[in-house]
Amino acid sequence: MVSPEALPGPGVFVALLGLALAPAVSLAVPGPLPGMEYVELPADTFELGRMEDGFGGLLLEGDSVRVRAFDVMTTEVTQGMWSLVMGEGVEDLLESEGVEQIGPDYPMCCISLDDCLAFAEALEAMDPEWEYRVPTTRYWEYASRAGTYTPYFWGEDSLTAISFHAWYAGNSGDSLHPVATRAPNAWGLFDTAGNVFEWTIHDDGIVSVDPETGDTIVSQPVGGGSFYSSALGCRADACVFADASVRYTDCGLRLVRRPASESGSPDEDRNDLDSWRGSLDFVRAQHCWSVFVEAALAIGGIQHSFHEDDLEQFGYNVQGGCEQDAGYLRAGLGRCFGSFSAFGYGQVGHIGPGVLFDNHGPYILPEVLLRMNMLAGGIELRYFPVRARLGYGAYSGHAEVDEDTTGGPWPPGSWTTDIVDGRGWHYAVGVCGPVSRAWEAGLEWSQHFIRIRLARSGTGVEPTEQRANQYEVRVFGAWRFCFDLPGL
C-alpha cells in the first residue's frame, strides 16, 4: 500500500492516467510463498529500446522483439522470501555488508547474479510445476515499461511523479524501504523503478579481464535504479552492467516464471527467458569444465596423387577422385572461459565411397576407392558461435579399383590391397549453436591431408607413398555437460 505522505498533487493524475490507458492484464495470483504474487503478461511484440516524449513524439528508434506469455512477480524478492527458500537467515549477511534495514518485507539485497540463479533453482525444486528464472533483459524491460515508451512508465519525469512511484536518492534517505510502498506501474508491478536494482541476463554479458589479478569478469545488466540512484538512473532505458559475481548492497531480484509443461516449445528462441542462456547451467558453464560427445555425418570428395611406380603397382593407368562420405564420433574434455573455450578431443570415424551421388570423379577410368577407418586426436578452440580444430590421426583399411568400372582391359573389382600405413593432419572450421540446455548442433568444413602406403599387389611392385586429400562438409549434433572441479 502506498504510504499517505507519498501522495502528491498532480502526480496522482499522471499515475491514474497511465493506469487507465495501459493494456489490461490478469489479476495477481498467489505464488508458492507468503506474500509472493505473480501477474500473467500476454505474448506480444514491442520495440525494445524505443523512446518517446510525453506527447508520443519519437526520440529513439527501437528493435522489434517478440516475447512469449509469462508470469512476473509483482514485487522484488523480499528478505523473508529469501530466508524461506534458502533455509537460512539473512541477518548476518546483511549486517556484515552494513545494511541496517532488515525485515521480512524489505527487498533482498547483497546478492550476486549467481546467488539469484541459485535462488530460482531452489524455488523451482520447491514448486516443480513452474520453471522460475532470472529474466532476460528484454523480458524485464517489457514488464517494467507496462506498454509505454516514455522515459518512465508513468511518463516524463517530474519530482512529483517520481516521488510517487519510486524510492530514489531524492526521497529514500539513502536506505532500503519495504516493497510495494510506492505506486505500481500499469500492470501492477511495484518498484520497477528505484528501491533496489534488479538483476537481468543479456546473452553472455560483457566479458573482461581484471588487469591486476588476471581473473575473467562477466558483467550483466541491472535495471530500474535503486535508492542511491538519481532520477536519471531510474529511467526505463538506463543500463548499468555489474560484475555478476559481486554482491552489491543495492542489487536485488524479481523472478519470472512459466508452467513447466510449456518448457521447450517450438517458438522458443535463444534469447527467451527460459532459453539455455537464461538458465543456471549456462551461467555456470561460462567458467567451468565441460565434456562433450558429438556425432557427425559428412558429404565429401577425395582426390589421390599417384606416382609413376604406382601405375605398375596397380597394373594399369588408374586415377583417383570420387565422392567419399564419412561418419565420425568425437568426445572431448575442456575448460570454458565465458564465450571462449578450449578442448582436447579424441575421434573415431569411417570414410568410404559415397552413396548419395554418383561417386565417379572427372578422371580417366578406372578409379581407386579408399575405405578407411580413422583414429585421431587434437585440440579445439571455440569463440561462440565459431569453432576451429586441428588434429592428427592414423588411417587403416584398404584400397580397391572402382567396382562400377566397365569396359577396357580390366574387370570390375579386379584389384584390392590393404593400407599398411596411413597417417595425416586434419582441420575443421564451423559454427554451432544451442538446441537446448544440453544439446547443440552445427555445420562445418573439414579437410584431411593423408599420406598412405599400400601393401604389395599381384604385380609384385613395391608401392611408393601416396597422398590423399579428403574434403567434406559435416553436419553434427553434440551433447555437453558442465561441471566444477574444486580448486581448479
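The values are calculated or read from the model by the stated rules, or taken from the named source; none is laboratory data. If you're wondering where the values come from, they're calculated on a predicted model, not measured in any experiment. All Cβ positions, glycine included, derive from the backbone under ideal geometry; neighbour counts span all protein chains shown.
Please enumerate the residues belonging to the range 221-236 that are crowded, with 22+ Cβ neighbours inside 10 Å and among the polar types (S, T, N, Q). Once the filter is applied, which keeps residues that are crowded, with 22+ Cβ neighbours inside 10 Å and among the polar types (S, T, N, Q), the range 221-236 yields SER226, SER229. Inspection of the range 179-191 finds a residue satisfying the criterion of being hydroxyl-bearing (Ser, Thr, Tyr) and in contact with a Phe, Trp or Tyr (Cβ under 9 Å, 6 or more places away or on another chain).
Here is a check on your reading of the model: is GLY214 closer than 20 Å to TRP154 by Cβ and either among the charged types (D, E, K, R) or surrounded by fewer than 24 Cβ atoms within 10 Å (Cβ to Cβ) (or both)? No, not satisfied.
Take residues that are within 21 Å of THR192 (Cα to Cα) and tell me which of the strands (runs of 3 or more DSSP E) falling wholly in the range 58-124 contain 1 or more.
Details: elements: 58-60, 63-67, 70-73.
The qualifying strands (runs of 3 or more DSSP E) are 63-67, 70-73.
Examine the range 324-347 for a residue that is over 30 Å from HIS202 (Cβ atoms), polar (S, T, N, Q), surrounded by 15 or more Cβ atoms within 10 Å (Cβ to Cβ) and at pLDDT 60 or above, and state whether such a residue exists.
Yes: the range 324-347 contains one or more residues that are over 30 Å from HIS202 (Cβ atoms), polar (S, T, N, Q), surrounded by 15 or more Cβ atoms within 10 Å (Cβ to Cβ) and at pLDDT 60 or above.
Here ASP115 clears all of (1) farther than 16 Å from GLY233 by Cα; (2) touching a Lys or Arg at 6+ places or on another chain (Cβ under 8 Å); (3) crowded, with 22+ Cβ neighbours inside 10 Å except the condition numbered (3).
Checking SER229, SER275, SER265 one by one, the residue that is assigned by TED's automatic domain parsing to the domain that holds ASN171, modelled with pLDDT of 80 or more and not charged (D, E, K, R) is SER229 and no other.
Report whether or not ALA285 is modelled with pLDDT under 75, touching a strand residue (DSSP E or B) at 6+ places or on another chain (Cβ under 6 Å), crowded, with 16+ Cβ neighbours inside 10 Å and farther than 30 Å from LEU189 by Cα. Answer is yes for this residue. Among what's in the range 463-475 and is buried (at least 20 other Cβ atoms within 10 Å of the Cβ) and under 10 Å from ALA296 (Cβ atoms), pick the residue that is modelled with the lowest pLDDT. Top of the filtered list is GLU472.
Looking at VAL196, VAL179, VAL209, just one residue is of a type in the set (A, V, I, L, M) and touching a Gly at 6+ places or on another chain (Cβ under 8 Å), and that residue is VAL196. Could you tell me whether MET81 is surrounded by 17 or more Cβ atoms within 10 Å (Cβ to Cβ), of a type in the set (A, V, I, L, M) and modelled with pLDDT of 90 or more? Yes.
Of all residues in the range 229-254, those satisfying the criterion of being without any contact (Cβ under 8 Å) to a residue 60 or more places away in the chain and within 18 Å of SER172 (Cβ to Cβ) are LEU232, ALA238, VAL240. Look through the range 414-435, keep the residues that are surrounded by 14 or more Cβ atoms within 10 Å (Cβ to Cβ) and either in a loop (DSSP other than H, G, I, E, B) or of a type in the set (Gly, Ala, Ser) (or both), and return whichever of them is modelled with the lowest pLDDT. For the range 414-435, the residue satisfying everything is SER414. Restricted to the range 125-159, and to residues there that are among the aromatic types (Phe, Trp, Tyr) and assigned to a loop (DSSP other than H, G, I, E, B), the residue that is farthest from PHE197 (Cα to Cα) is TYR149.
Scanning the range 385-405 for residues that are outside any strand (DSSP E or B) and either crowded, with 17+ Cβ neighbours inside 10 Å or modelled with pLDDT of 95 or more (or both) gives ASP402, THR405.
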